Amino acid sequence: MEPTRDYPLFGGAFSATLPTGAIDVSDLRPVPDNQEVFCHRMTDQSLIVELLELQDHVQGEAAARYHFEDVGGVQDARTVQVEAVQPLLLENLALRGYCEDAWVLSGKQQVAKEHQQVTKDITLHQALLRLPRYQTDLLLTFNQPPSSLGSENQSLPPWSLGDFELLVTSLTLHDPNIFGPQ
């Protein structure tokens, strides 16, 4: 099965290439208007694309860390550990004409599912694309719970970092009016 190319996001204002087996979570439950959320058909993996207010009080690598820690706070993570932060080359992005700064971060967060005491170490990969012209931080997150690894015998293999990279690099803006009047 081929990845889904040019999948419309945010009502068609953006599009991106989604990995094989991606299910639009908004078909299953309510999702905030500033998010597009997809889950893997056979694993606990998920992909999230979020339009966030530009956090111009943090710059560079600190901005990537800020958003990672913020996600940990929202999820009531017991621990938040950054493993690597690297700049993303703008020339590799479909959004290169709009994005002024881009970072990729990998780390782990220890979280419990809703109403449960048992915690899991979740590996997160995040890409932060900063669009100051639109006062927006675009945050893409790949959640990789431990149960999604080592599932080679499934009819649909788990997503890889390559799948996440394709999502990040293919993200394209079609309608800047999504950001309101400029």
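For the stretch 1-46, how many residues are assigned to a helix (DSSP H, G or I) and aliphatic (A, V, I, L, M)?
If we filter the stretch 1-46 for residues that are assigned to a helix (DSSP H, G or I), which is where we start, we get 10-12, 25-27.
If we keep only those that are aliphatic (A, V, I, L, M) as well, we get 25.
Of the residues in the stretch 1-46, 1 are assigned to a helix (DSSP H, G or I) and aliphatic (A, V, I, L, M).
Those residues that are open to solvent by less than 70 Å² (accessible area, probe 1.4 Å) and farther than 20 Å from I122 by Cα, I need them from the stretch 37-60; list them, please.
As a first pass, look at the stretch 37-60 and keep what is open to solvent by less than 70 Å² (accessible area, probe 1.4 Å): 37-40, 43, 45-52, 54-55, 58, 60.
Within the stretch 37-60, L51, L52, L54, Q55, V58, G60 meet the criteria.
Condition first: open to solvent by 20 Å² or more (accessible area, probe 1.4 Å) and either at pLDDT below 95 or basic (K, R) (or both). Now tell me which residues in the stretch 123-138 satisfy that.
T123, R133
Only one of these is farther than 15 Å from F142 by Cα, touching a strand residue (DSSP E or B) at 6+ places or on another chain (Cβ under 6 Å), buried (at least 18 other Cβ atoms within 10 Å of the Cβ) and modelled with pLDDT under 85: A102, A112, A77. Name it. Steps first, answer last, please.
Details: A102 fails: modelled with pLDDT under 85; A112 fails: buried (at least 18 other Cβ atoms within 10 Å of the Cβ).
Just a single option satisfies the conditions, and that option is A77.
The values are calculated or read from the model by the stated rules, or taken from the named source; none is laboratory data. From a predicted model like this one, the values you see are computed outputs, not experimental measurements. Because the Cβ atoms are built from the backbone with ideal geometry, glycine has one as well, and the counts that use them run over all protein chains shown. Heads up: the accessible areas ignore ligands, DNA and RNA and are worked out on the full protein's heavy atoms, side chains in. Shrake-Rupley method; radii C 1.70, N 1.55, O 1.52, S 1.80 Å.
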